[in-house]
Structures are given as C-alpha cells and as structure tokens.
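The values are calculated or read from the model by the stated rules, or taken from the named source; none is laboratory data. None of these values were measured; they are calculated from a predicted model. Virtual Cβ from ideal backbone geometry, glycine too; neighbours counted across all protein chains shown. Quick note on the areas: whole protein, heavy atoms, side chains included, nothing else; ligands and nucleic acids left out. Shrake-Rupley method; radii C 1.70, N 1.55, O 1.52, S 1.80 Å.
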Amino acid sequence: MVRFNQHYRKLQSSYLFSDIARRIEAFESRNPGRSIIRLGIGDVTRPLPPACISAFHSAIDEMGSEKHFRGYGPEQGYGFLREAIARNDYQALGAEVSADEIFVSDGAKCDTGNFQELLPADVRVAVPDPVYPVYVDTNVMAGRTGRFVDGRYEGLVYLASTRENDYVPAPPDEGVDVIYLCFPNNPTGATATRGQLAEWVEYAHRRKALILFDAAYEAFIRDPEIPHSIYEIEGAREVAVEFRSFSKTAGFTGTRCAFTVVPKSLVVTDDSGQAHSLHALWTRRHTTKFNGVAYPVQRAAEAVYSEEGKQQVRALTDDYLRNAELIRTVMTRLGFHSVGGENSPYIWVQVGGDSWDFFDRMLGEAAVVCTPGSGFGPCGGGYIRISAFNRYERVVEAMERIEAMVR
Ligand code: MLT
C-alpha cells in the first residue's frame, strides 16, 4: 500500500464551502421546489461585461484561423495583459510595479494556496482569525502545523480580528516569518487604512518577514482614502507579494483569471544566509507547474481595462454594493451589529449564539443561505457572513424573509 501525506489527516473533514453545499443539497431534497436564495459562497451572478465578451469572441475567432492561431503562451501571461495590469492597477496609483513582476494565473485561490510552497516547513506563519480557509489548510497540508485544537491549529499564530480592533489586527509582539493579510477582508468586509498597512510593512521590515497580501476584493473600494494595493505603502516592494483576481471584479469566477505580483526587490535567504530573488523562485515554480491561462481568457481580462470595460466593471461592482448596502441596513435595523458592505461585497453580522445554528435556522425557516462565521475560525463564532453576490430583487426578497424570521 502506498502511504499518503499524513498532514492531511489533521485537516477538517471537508472544505467549508463543500460542507455548506452538502447542507443545501440535503435541504433541497427535503423541500423540493422551495426557492432558495444563495448569499453564501462569494460567487458572482452577473454575466461578464460586454467588453470582455466581445474580446473573448474575437480571440476565439483568432484561435480558429490558420493565421492567428496560438499554441502555448508564455506561462507568466501575455505581455498585453501584464502591461495593462501594471499600467492601470499600479502605475496609475503611483505604485511602482512593472509588467514583468506580474504572473497571470487561473485564480487567487490557487496562488494564495500555492505560494507557501516556496517556503521551508519551519517558517512561523501568522493568519487572521477569522480567515479565508485556504491560507490555513494549505499550510496544514505542507506540515507547518500541529493538531487542530479548539478551532485552531497548533503552530500557527492567530491574529484576532474582532469588534474591539475594528476587525483589523495590529502586528503581534512576537516575531513571525510570514503573514497573510486580506483587505478588503474576506470574510469580515473590513478595510485597512493606509496607516494600518504601513504598520504591517514596518513590522515586516523590522522582523524580516514576508506579507502575503490578498487584494481580491479591491474593486469594491469606494472610499478614496483606502489603499487598493499594498504597494501604495512605501517600502512594501521589499516585503510583500500581492494577489488579485478578475473573479469578483469582472465576474470571472467561471472564466478563471487572476494574477500575483512578486516584486524583483523581494529577497529571501537560503540556509546559509545567502540572498535569493523571490521573483526568480516564483518564476521557476510557475513555469514548471503551470502552462498559462487560455489566450481568449487573457484577451477578455485585458478588456477590463478598456474605457468601456472600466465603466462596465464599475457598474457591475456598484450593483453588488447596492445589495450590500441593503443587507447592512436591514441587519442593522433588526438590531444586529455588522461591519463590511461599504467597500466590500461581504457583510459580517454578529448574530450571537452558535453560527451554524443561525445558518441552519436561516436555511430552514427563510430558505436563505449565508456562511457561518465559525467556519472561518473561532473569532467568527456568533457571526454570519452574508454575501452581496446575487440579483437585487433576490436580495430584497432574502432580506424580507430574514426580517420575517427574526421578528
Ligand atoms: C468565498 O465565498 O469566500 C469565496 O468565494 C471563496 C473564493 O473566492 O475562493
């Protein structure tokens, strides 16, 4: 018999969203025909923007022509997309990121999960609590943790994000080597100010740590004071990698396109203390294990940066933000404390009690799906996450149902 990686035995039996999907399936089979409103997993409902569709079509036509057909593309992504990203997402903000520091991929979930592969097993890792489960589970798989005890893995440093710190943890007193941060946050929807991010960058310089910054939800930021990228903070190029995605920005959850920025100024050391470029290491990994995102998908992503693409993406994210505002207003009216939903598609609601009980009640009585906060970590106990990704009429109906249930 072949043995398997024993670290997998420490994982919880299933991934949070698979667990939720099973409960919904069981509910559906018990209640055939009942209309369920899904405000659980952050999956978009609006179709791709017309600018993306038109670029997608043209690129598919190219793939069907002798003259324009393309085979393998560059693993890191085509120059046209990497340049559009560098120009629009970074240089326009005054952040120094060049096209060759961008690695196009098929998802921020994969990139945030895979990046830890470059690090040795004994690095000390800090994660927020509550946390997007991918950061934790992939480190468990790699053997960086001990057992799962009371909702947390031994060996990880958890940064509590609670009502007391406005859901933005400060750097810890102790030294850690790697820190996962996500702003606007999944699951809380909280955002970090420039000053708060500057504290983290300063910490990373002082402690020689690496920040893995997940900015998958930056397109929902409306407040001009909130930074969209960690590279808007001075000194971040030496200490931070940034992950972004077209999934929530432009409806690419089913189309798959994302990117990771690894600045050339990021240096890590080997066991003898000799410096190496993290960019070179990620290039080696990416080109070995990945063959690039499909050409038509990259053309569709490029169209996000055209004039009409920008307007359409803005309209699309505005739509979800309208849902978010409604959710937050109703939950506040019902007497619940909540955060998020202003510069983020997620609303984090303190419902008290056990969050799985509230999840079950919402599903059973209102046929509305949310995500139980405790699925993201012990600090999520007593909270639920409501996602704004649905059609406005469905969100209106969901809020009516929740209101009737609570009253
Ligand atoms: C979520 O609901 O947290 C997200 O959809 C997960 C993801 O983007 O992978």
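What the table shows:
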quantity: Unique residue being farther than 15 Å from VAL239 by Cα, of a type outside the set (Val, Ile, Thr) and not in a loop (DSSP other than H, G, I, E, B) when the list is PRO172, PRO128; calculated: PRO128
quantity: Verdict on TYR15 being surrounded by 13 or more Cβ atoms within 10 Å (Cβ to Cβ) and in contact (Cβ under 8 Å) with a residue 40 or more places away in the chain; calculated: yes
quantity: Subset of segment 250-271 [over 21 Å from PRO345 (Cα atoms) and either at pLDDT 95 or above or assigned to a strand (DSSP E or B) (or both)]; calculated: THR260, VAL261, VAL262, PRO263, LYS264, SER265, LEU266, VAL267, VAL268, THR269
quantity: Selection count where residues are in a loop (DSSP other than H, G, I, E, B) and away from the ligand (no atom under 16 Å from the Cβ), scope segment 234-249; calculated: 3
quantity: Unmet requirement for VAL339, which otherwise passes all of (1) assigned to a strand (DSSP E or B); (2) open to solvent by 60 Å² or more (accessible area, probe 1.4 Å); (3) β-branched (Val, Ile, Thr); calculated: (2)
quantity: In segment 23-46, residue farthest from ILE386 (Cα to Cα) [restricted to those that are charged (D, E, K, R) and not in a helix (DSSP H, G or I)]; calculated: ARG34
quantity: Pair list, Cβ < 7 Å and 6+ apart or interchain, from segment 351-366 residues that are farther than 13 Å from ILE386 by Cα to residues that are surrounded by 14 or more Cβ atoms within 10 Å (Cβ to Cβ); calculated: GLY352/GLY382; GLY353/GLY382; TRP356/PRO372; TRP356/SER374; GLU365/MET405; ALA366/ARG401; ALA366/ILE402; ALA366/MET405
quantity: Test: residue in segment 279-286 that is assigned by TED's automatic domain parsing to the domain that holds GLY77 and not in a helix (DSSP H, G or I); calculated: no
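Matching residues to (1) of a type in the set (Val, Ile, Thr); (2) surrounded by fewer than 22 Cβ atoms within 10 Å (Cβ to Cβ); (3) farther than 26 Å from GLU302 by Cβ:
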{"position": "PRO227", "(1), (2), (3)": "no, no, no"}
{"position": "ALA236", "(1), (2), (3)": "no, no, no"}
{"position": "GLU242", "(1), (2), (3)": "no, no, no"}
{"position": "PHE252", "(1), (2), (3)": "no, no, no"}
{"position": "THR255", "(1), (2), (3)": "yes, yes, no"}
{"position": "ASP270", "(1), (2), (3)": "no, yes, yes"}
{"position": "GLY273", "(1), (2), (3)": "no, yes, yes"}
{"position": "HIS276", "(1), (2), (3)": "no, yes, yes"}
